[in-house]
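Accompanying notes for the structure given below.
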């Protein structure tokens, strides 16, 4: 199961669908998110809280607690763009 940025943000901001999202992620065999989604979620939460370091910490903690594997992107791939 791919966990999108919006799901991470909704969970951290305690939006109404939070519990349902947590249940779906918790029931997934192998939930994953891209490093890009994690960074965008951290920026979104940081902007909301007016503290980007805290936003990054909260996202990191959340994906760990949810059991989401954050997939990285090799630097050689990035440098091609």
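The values are calculated or read from the model by the stated rules, or taken from the named source; none is laboratory data. In this text, all values refer to a predicted model and were calculated from it rather than measured experimentally. We place every Cβ from the backbone using ideal geometry, glycine too, and count neighbours over all the protein chains shown.
Name every residue in segment 30-45 that is surrounded by fewer than 18 Cβ atoms within 10 Å (Cβ to Cβ) and farther than 13 Å from residue 9 by Cα, in order of residue number. Passing the criteria: 30, 32, 34, 35, 36. In the condition set (1) in contact with a helix residue (DSSP H, G or I) (Cβ under 8 Å, 6 or more places away or on another chain); (2) exposed (fewer than 14 other Cβ atoms within 10 Å of the Cβ), residue 12 is compliant with all but (2). Among the criteria (1) surrounded by 19 or more Cβ atoms within 10 Å (Cβ to Cβ); (2) at pLDDT below 95, the one residue 25 does not fulfil is (2). Considering (1) at pLDDT below 95; (2) assigned to a loop (DSSP other than H, G, I, E, B), the lone condition that residue 15 does not fulfil carries the number (1).
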